[in-house]
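One structure is given here, and the rest of the page talks about it.
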Amino acid sequence: SLASTAITCFTRGLDLRKETEDVLCPANCPLWQFYVFGDGVYASLSSVCGAAIHRGVITNAGGAVRVQTLPGQENYPAVNANGIQSQVLARWASSFSVTPGTKNIALEAVGRSVSTARPSTGKRPKKTLDKKAGNKDCKADIAFLMDGSYNIGQRRFNLQKNFVGKVAVMLGIGTEGPHVGVVQASEHPKIEFYLKNFTAAKEVLFAIKELGFRGGNSNTGKALKHTAQKFFSLESGARKGIPKIIVVFLDGWPSDDLEEAGIVAREFGVNVFIVSVAKPTTEELGMVQDIGFIDKAVCRNNGFFSYHMPSWFGTTKYVKPLVQKLCSHEQMLCSKTCYNSVNIGFLIDGSSSVGDSNFRLMLEFVSNVAKAFEISDIGSKIAAVQFTYDQRAEFSFTDYTTKEKVLSALRNIRYMSGGTATGDAISFTTRNVFGPMKDGPNKNFLVILTDGQSYDDVRGPAAAAQKAGITVFSVGVAWAPLDDLKDMASEPRDSHTFFTREFAGLEQMVPDIIRGICKDFLDSRQ
């Protein structure tokens, strides 16, 4: 058909259905976010609009692109072009190319952006299906923490309800769009409804209208902490891999302290926004425990997470900018936790002194560490290399993007048996396994498992790995010399070096390794 499909910044080649498809790329996609693999011929894992900008077919102002499906190939190269660094991929099942599209086309709106989320007039029956799904481009599970204190009073509480209702409608709530719930802050917090209770804007609007004003002190800190800890459970409808957001509405100032609640929310991977209305007057400031309360509570003190409205009157113009913030999932810095933002490479000793059954125990240890992380194409990634005198990359970071596939690949590793050249193996892994990930968003970790003395120097290769931004943990068993283990480990060496006499002792170390990775991840974010 001549009609062109409007796509998003994140649509990948493999999301398109036809052999040749005309698409329309939006403007102002964030360049640093594009995943593009290859040059000219792109792996179908690549963002279509990212590939089109990389190729020079369009600029960041968006435009029409024709996408042609091509067979898969090996060795997609990494090339920097037009502000986008494409990445290496060893092989992929299908590819595509991009050429300039035709301009004079009728638009078929597919999941349009938030600005068009108007209530349906009932004239276009074709859209009903999509309306149920909601705005798929907005990835968010949101708790609106509403101010129900005496500070705000009944009348302004009603204006607050109107504003939250408008935000809820414009978000494009739906089964595949954003989900929302409401918590009321007063003397004691009350969860009014959860994420799972409603998946249509109409129902949410009705539930907000029905809310009763509670009154009491504005114990916002207490409510924020309660919401961060209790609201986002899987049972209550929180979805894996979707950013968790709390939007705190504050009229005036809080009666309690927000700092501790802000810390708890960040630990739970929740993004806190504060919408402050009617700043405290000069006289009132004397009653505020901490004038910098907004900066202490928000996810990051970078201006993005705080939002001010002068009063509850005439707030309609503030709805859309707030919705745009809530839908920018790439800005949700607090969603990045150690569990979903690391690459962990395992270097596994396959030398003949290990033996078959102990080799299985090593694989079990690796599986138990890997299991703790949220493995996905946008989350954490796992790779494994086995070494003797030689090295064998069992699988790379991009080979498997689900936990099940990673665990099954680990189970299927065959024991090599041979000598021990740990230094060479570290160099091989740094170059071939971590090399392609070097500019990615995740933090890189290498866990080395060995049972004996290396025939070559380990200190030089380990220092080079650390210099390349890889944090090294060394895990020694049986005859592995402590000096070697310490020489390989990152600083502080004691907390990155582990040793057990027996292979069976590996199991107890699993939680320590996971904790160590998370501690390093958090320290690197400071």
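The values are calculated or read from the model by the stated rules, or taken from the named source; none is laboratory data. Source: prediction; values computed, not measured. No Cβ is skipped: glycine too gets one built from the backbone with ideal geometry, and neighbour counts run over all protein chains shown. Ligands, DNA and RNA are stripped out before the accessible areas are found, and what is left, the full protein with its side chains, is counted by its heavy atoms. Shrake-Rupley method; radii C 1.70, N 1.55, O 1.52, S 1.80 Å.
What number of residues within segment 206-234 are open to solvent by 10 Å² or more (accessible area, probe 1.4 Å) and under 29 Å from the mean Cα position of the chain (by Cα)?
Total meeting the criteria: 8.
Has segment 254-268 got any residue that is surrounded by 13 or more Cβ atoms within 10 Å (Cβ to Cβ), at pLDDT 90 or above and not in a helix (DSSP H, G or I)?
Yes: segment 254-268 contains one or more residues that are surrounded by 13 or more Cβ atoms within 10 Å (Cβ to Cβ), at pLDDT 90 or above and not in a helix (DSSP H, G or I).
Taking the options L234, L250, L224, name whichever one is modelled with pLDDT under 95, among the aliphatic types (A, V, I, L, M) and not in a loop (DSSP other than H, G, I, E, B).
It is L250.
From the residues in segment 11-33 that are touching a residue at least 60 places away in the same chain (Cβ under 8 Å) and of a type outside the set (A, V, I, L, M), which one is surrounded by the fewest Cβ atoms within 10 Å (Cβ to Cβ)?
P30
From the residues in segment 467-526 that are acidic (D, E) and farther than 19 Å from L363 by Cβ, which one is surrounded by the most Cβ atoms within 10 Å (Cβ to Cβ)?
Filtering segment 467-526 for residues that are acidic (D, E) and farther than 19 Å from L363 by Cβ, the one surrounded by the most Cβ atoms within 10 Å (Cβ to Cβ) comes out as D484.
Among all residue pairs at least 6 apart or on different chains, which show Cβ distances below 8 Å where the first residue, located in segment 309-331, is under 15 Å from R156 (Cα atoms) and the second is modelled with pLDDT of 90 or more and assigned to a loop (DSSP other than H, G, I, E, B)?
Going by the 8 Å Cβ cut-off, the qualifying pairs are M309/T315.
Can you pull out the strands (runs of 3 or more DSSP E) entirely within segment 122-211 that have at least 2 residues that are among the charged types (D, E, K, R)?
141-147, 190-193
Just to be sure I understand, how many residues within segment 34-67 are closer than 10 Å to S86 by Cβ, open to solvent by 20 Å² or more (accessible area, probe 1.4 Å) and of a type in the set (A, V, I, L, M)?
So the answer is 0.
Report, by residue number, each residue of segment 329-354 that is open to solvent by 20 Å² or more (accessible area, probe 1.4 Å) and not charged (D, E, K, R).
If the condition is that a residue be open to solvent by 20 Å² or more (accessible area, probe 1.4 Å) and not charged (D, E, K, R), then H329, Q331, L333, S335, T337, Y339, N340, S352, S353 are the ones that fit.
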